[in-house]
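Here, each number is a calculation from the coordinates, and none is a lab measurement. All figures in this text were calculated on a predicted structure; none of them were measured in a lab. Cβ sites come from the backbone with ideal geometry, for glycine too, and all protein chains shown count toward neighbours.
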Amino acid sequence: MVTLKTEKLSFSYKTHKVFMDISLDACEGEILSLVGPNGAGKTTFLKCINRLLVPTAGRVTIHNQDVAGLKRSELAKLAAYVPQAATPTFPITVFDTILLGRRPYLNWRPGERDLDMVSDIIDRMDLGSLAMRDLGEISGGERQKVIVAKAIVQEPKVLLLDEPTTYLDLKYQLKIMQFIRDLIDEKHICALITTHDLNMAMQFSDRLAILKDGGIVSMGNTGILTEEVILQVYGVEAHLQQYMEKPFMIPLKAV
C-alpha cells in the first residue's frame, strides 16, 4: 500500500530553483533513501513534504490526504521530521524532549500510555542514563538519538529523517539504522532518509532515489547504484562488490 506520494513537486527560492517536478511514492514497510551530492535538494524536499517549506508547485499526499489542507497538529500524526542537527533553545530534559513527540495526542497532560511510550523508547535506545539530563548538556550524537526517539513516539505513518546518523560514532550509526529498519518492519510505516553514506543506504534501504541538479537521476532497488552512476552523479571513481548479498562501495578517487 502506498503511504506517501509526491506529484510533480517543485520548490524555488527567488534567485534559483532547488528541485523540479519530483514524483515518487513510498509504501508501508519501506525505507526509501534519497542520495546525491550536496545541493541536490534532498533536505529541501523533506521539508516540503512536512510543510516546513511550502512547495512552489505540486502535491504531497499521505494516506491519500493532501497535506496542504491539514492543520499542523493533524500533519504531525502523519509525518515526523528529524533534522540534521537540533539545537535546544531553552532548558529541557531528555525525557521531556521525547515526551514532546506525544503533543499531537495530548489534551492537557500526558497519560499513562504517553509516559510508558517515552520510558520504553528510552530503554530501547539506551538513553536511560541521560533521561534527566538537560538536552543542551549532552553530546551532538546523543542529542541526535533523542530527536529520533521523539519522532518515533509521535507514531507517524511516515518518518522523514535528514541524515539521521550525523554526529554518531560507527557503533551508533549501525544501531540507529538497524533500529529504524526494525521499526519500519514492525509498525508497517515508511521512512524517507537522506544520507551521504552510500553503504548504509544500500545496506538498510529497500529502494534508492538518486538526486542531482534538482531532479531524480534514477530510482529503484539498490542495484541502480552502479559504478557508472556513482561517477556520473558524484564525479568519483568507485568499485562495487558484493558482501553477504549486499552491494558494498569502495571510493577510489575524485575525477
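In the chain, once you exclude exposed chymotrypsin sites (Phe, Trp or Tyr not before Pro) (DSSP loop, at most 11 other Cβ within 10 angstrom), what's the longest stretch remaining? Please report the intermediate quantities before stating the final value.
Details: sites that count: TYR13, TRP108.
Looking at the chain, 109-255 is the longest stretch - no exposed chymotrypsin sites (Phe, Trp or Tyr not before Pro) with at most 11 other Cβ atoms within 10 Å.
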What distance in nm separates the simple spin-label points at ASP126 and LYS187, each placed 7 Å from Cα in the Cβ direction?
2.1 nm
Residues of region 143-184 with backbone nitrogen within less than 16 Å of a virtual label 7 Å along the Cα-to-Cβ line of LEU70, please, listed as ranges.
151-161
So how far, in whole Å, is the C-alpha centre of region 167-193 from the one of region 1-77?
21 Å
For Rg and Dmax of the Cα atoms in Å, which listed value, [x] 19.7, 63; [y] 19.9, 70; [z] 18.4, 58, comes from the coordinates shown?
[z]
Given the options VAL94, VAL148, VAL233, which has the most mean-square fluctuation in a GNM of the chain, springs set between C-alpha atoms less than 10 angstrom apart?
VAL233
Do any trypsin sites (Lys or Arg not before Pro) in region 1-57 lie in a DSSP loop with no more than 14 other beta carbon atoms within 10 Å, and if so, which?
LYS14
Just flag the GluC sites (Glu not before Pro) in region 153-255 sitting in loop per DSSP whose Cβ has no more than 15 other Cβ atoms within 10 Å.
GLU245
Taking amide hydrogens as modeled 1.01 Å from N in the peptide plane, which residues meet the under 5 Å criterion relative to ILE189, leaving out close sequence neighbours?
GLY29
Determine which residues of region 213-244 fall in the zone a paramagnetic label at ALA254 would reach in this model, i.e. backbone nitrogen under 18 Å from the point 7 Å along Cα→Cβ.
213, 230-239
Expected max-MSF residue from THR43, THR93, THR15 in the GNM of the chain (alpha carbon, under 10 Å) is THR15
For region 2-224, what proportion of DSSP beta bridges, expressed in % and rounded to the nearest 5, is antiparallel?
55 percent
For the chain, modelled as a GNM with alpha-carbon contacts under 10 angstrom, which of ILE92, ILE31, ILE189 fluctuates the most?
ILE92
